[in-house]
Amino acid sequence: MTSARAASWIEQSAALATPLATRVGYDRAAEIAKQALQSGRSVREVAREAGVLPDDELERLLDPRSMTGR
């Protein structure tokens with residue numbers, strides 16, 4: 001498996017909405033995850049389009065490496 005392929009899977013995962021819950025609340029984060037799954041878009045795309053957080057904060061929260069401590 002290539003790192004690009006793994007990154008793509010992570011980016012398309014609804015689990016990426018988990019850290020959003022700390023900033024926008026569980027219900028809003030779950031709604032974003034659901035919209036992402038239904039539309040085939042990423043959590044990042046849906047959250048950015050919804051304007052739930054400034055882009056810089058969104059990028060920091062949705063950084064998979066920071067979530068894993070790597």
Would you mind stating whether A6 is more than 19 Å from R65 (Cβ to Cβ) and either open to solvent by less than 30 Å² (accessible area, probe 1.4 Å) or among the aliphatic types (A, V, I, L, M) (or both)?
no
Taking first residues from the range 38-54 that are within 18 Å of Y26 (Cα to Cα) and second residues anywhere that are assigned to a loop (DSSP other than H, G, I, E, B), the pairs with Cβ under 6 Å that are 6 or more apart or on different chains are S42/Q12; R44/L62
Run down R60, R23 and say which single residue is more than 12 Å from the chain's Cα centre (by Cα) and not aliphatic (A, V, I, L, M).
R23
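The values are calculated or read from the model by the stated rules, or taken from the named source; none is laboratory data. Treat the numbers as computed from the prediction; the structure is a model and nothing was measured. FYI the Cβ positions are ideal-geometry reconstructions off the backbone, even for glycines, and counts take in every protein chain you see. The accessibility values were calculated without ligands, DNA or RNA, using every heavy atom of the protein model including side chains. Shrake-Rupley method; radii C 1.70, N 1.55, O 1.52, S 1.80 Å.
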